[in-house]
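Computed from the coordinates by the stated procedures, all read-outs in this text should not be read as laboratory data. Being a predicted model, the structure only gives us computed values, none of them experimental. Here the Cβ positions follow ideal geometry from the backbone for every residue, glycine too, while neighbour counts run over all protein chains shown.
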Amino acid sequence: MLLRSLSLSRSRLSTASRDTRRSLVSRSFSSSKEDPPKFDAEMVAVYMKIAEQHTHPKGPWPLMTKAVSEKVGDAPFKMLDIASGMGEPARSIGLALPKGEIIASDVSEDMIVKAEASLKDVPNVTPLLANAEDLSTIDDNSMDIVTCCYGYMFPADKDKALEETFRVLKPGGTLIATTWDRVDMISIAGDIMEAILGHRPPPPPLNPMALSEDGLFESMVVKAGFQNVITEKSTYPFDFGNDHGFQLKCGTLLIKYKIEELGAEEVAEKTFFECVPKYTTTDANGHMILPYNTFQMLTATK
């Protein structure tokens, strides 16, 4: 049934009309009724540079890969990666554990297209267009592992997303998920928007810090039916390089479209370079380093 569902979903993605594909994508994590802006080529380059940081030994991808390995050992397993973006951490886990049958799911068609390209050399990982709040193409009790790296902060109905995760896991299956605890990029973006608007803006609808309150995510996971909840925190650096233009693009990635909409590029640039010294260090190569990016990794069983 699992393979039949995957085949059906991939067929729909390849043959659906443009309008139909848009309707699938619009069932997004966002609580906004409008589709979020699509990443242009420049934003993709910046996004990929930042995503590379997650490979740090104390970053989420190696730690999640280790956690999966400790759960499954050398046995075959089935895994769903939610909010996989361009295919991570599904790719890292698939390479490390070739006996796994892994689905890399994301709500964005753009991300799925990019995941298909990045996963060409990882035959045991299959991209799938899917919404965390509606995993109806995935059978009940079919997954040994579900992973989600920085994804559960974004569903409009977070409880529903966790209920769907619980549904697709086998009894005794494991959830491994990361959520942000501290991200100084968010603080930098807030400083810039305060300089532009004259006041601190409220959190955005898609808020990376939505689950940062102590105990909040754990309580939601328990409410969804999970047990044996364990959490640990890890901190790793972001390297923004030594090119001032690229540093600015990294630091303003989260608010790029808002800055352009307001025509506030000059204010944003000035404020960025004024405020970053309180958040960053400079290494021996002149690279701007954001040292304090802290996340929580949660594991729980069904």
Quick one: 3J(HN,Hα) in Hz for segment 124-138, Karplus 6.51/-1.76/1.60 with θ = phi - 60°, rounded, Gly and Pro as x. 8, 10, 10, x, 8, 6, 7, 9, 4, 8, 8, 9, 5, 7, 9
The ratio Rg/Rh over the Cα atoms of segment 132-270, Rh being the Kirkwood inverse mean 1/r radius, stands at 1.07
Please work out how much length the chain gains when fully extended from Arg200 to Lys278, using 0.36 nm per residue of separation minus the C-alpha to C-alpha distance, in nm with one decimal. 26.3 nm
Between Val44 and Lys160, what's the calculated FRET efficiency when r is the beta-carbon distance and R0 is 30 Å? Round to 0.05. 0.55
Based solely on its DSSP helices, what 222 nm [θ] is calculated for the chain when runs of n ≥ 4 H residues each add -39,500 (n - 2.57) and the sum is averaged over all residues, nearest 500 deg cm²/dmol? -12000 deg cm²/dmol
What is the fewest-to-most order of Leu290, Leu206 by other Cβ atoms lying within 10 Å of their Cβ? Leu206, Leu290
Rounded, prolate or oblate for segment 91-140? Axes are the square roots of the Cα gyration tensor eigenvalues, ordered a ≥ b ≥ c, and the cut-off for rounded is a/c under 1.5. oblate
Can you return the aspartates and glutamates within cross-link range of Lys120? Criterion is Cα-Cα under 20 Å, with same-chain partners fewer than 8 residues away left out. Glu52, Asp81, Glu88, Glu101, Asp106, Glu109, Asp110
Relative contact order of segment 179-302, pairs being alpha-carbon contacts under 8 Å that are 6 or more residues apart, as %: 45 percent
For segment 125-183, compute Rh as the Kirkwood radius over C-alpha pairs and then the Stokes-Einstein diffusion coefficient at 20 °C and 1.002 mPa s; write the answer in µm²/s, rounded to an integer. 177 µm²/s
Excluding same-chain residues fewer than 8 positions from Lys258, which lysines have a Cα within less than 26 Å of its Cα? Lys33, Lys38, Lys49, Lys114, Lys158, Lys249, Lys270, Lys278
List, in order, the whole-Hz ³J(HN,Hα) value for each residue of segment 50-63 obtained from phi through the Karplus relation with A = 6.51, B = -1.76, C = 1.60 and θ = phi - 60°; use x for Gly and Pro. 5, 4, 4, 5, 5, 7, 3, x, 9, x, x, 5, x, 5
Average the reciprocal distances over every distinct pair of alpha-carbons in segment 239-290, invert the result, and give the Kirkwood radius in Å. 11.4 Å
Residue order, fewest to most surrounding Cβ atoms within 10 angstrom, among Ile196, Ile255, Ile176, Ile230: Ile230, Ile196, Ile255, Ile176
Going fewest to most other Cβ atoms within 10 Å around each Cβ, Thr252, Thr280 line up as Thr280, Thr252
Label-to-label distance, nm, for residues given as Gln227 and Asp110 (7 Å Cα→Cβ offset): 4.3 nm
Tell me the label-point distance for the pair Ala75, Ser187, using the 7 Å Cα-to-Cβ offset, in nm and rounded to one decimal. 4.4 nm
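Step by step: find N for the chain, compute 2.2 N^0.38 Å, then divide the Cα radius of gyration by it. What's the final number? All intermediate terms of the calculation are to be shown ahead of the outcome.
Values: Rg = 19.3 Å, N = 302, 2.2 N^0.38 = 19.3 Å.
Dividing the Cα Rg of the chain by 2.2 N^0.38 Å gives 1.00.
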